[in-house]
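The values are calculated or read from the model by the stated rules, or taken from the named source; none is laboratory data. Since we're looking at a predicted model, the values are computed, not measured. Every residue, glycine among them, receives a Cβ derived from its backbone with ideal geometry; neighbour counts consider all protein chains shown. For accessibility, only protein heavy atoms count, side chains too; no ligands or nucleic acids. Shrake-Rupley method; radii C 1.70, N 1.55, O 1.52, S 1.80 Å.
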Amino acid sequence: ARELQPKGIHVAHFVIDGGIASAARVSPEEKTNDKWLDPDAIAETYLAVHRQPRSAWSTEMEVRPWVENF
């Protein structure tokens, strides 16, 4: 990232820490319990990082489900 940032290339590391809801894995009823990551929400997060102004670039993003215990 440090090597490419001066060239205007935004490099970011994404950690997807949780199960991703898919039609093959998760029933529609189970998708609503916040246990699974929504693929559309993950895509929105990627897009938000892509659209960041260069004055405030993120280089790492962690995506976790709502119900995770800390």
Practice problem: Compute the distance in nm between two label points, each set 7 Å from the Cα along the Cα-to-Cβ direction, one at residue 11 and one at residue 54. | Solution: 1.7 nm
Practice problem: Pull out the extension gain between residue 3 and residue 63, defined as 0.36 nm times the separation in residues minus the alpha carbon to alpha carbon distance; nm, one decimal. | Solution: 19.1 nm
Quiz item: Label 7 Å along Cα→Cβ of residue 20; the stretch 36-70 residues with amide nitrogen under 14 Å?
Solution: 36-47, 63-65
Self-check item: Amide hydrogen neighbours beyond the local backbone of residue 14, cut-off 5 Å, H modeled
Solution: 61
Exercise. Take 64, 51, 2 and sort them by solvent-accessible surface of the protein heavy atoms, 1.4 Å probe, largest at the top.
Key: 2, 51, 64
Quiz item: Near the amide H of residue 37, under 5 Å away, which other amide H atoms are found, from residues 5 or more places off or on another chain, if H is placed in the peptide plane?
Solution: 19, 20, 21
Practice problem: Please give the solvent-accessible surface of residue 59 in Å², to the nearest 10, using a probe radius of 1.4 Å with every protein chain present. | Solution: 80 Å²
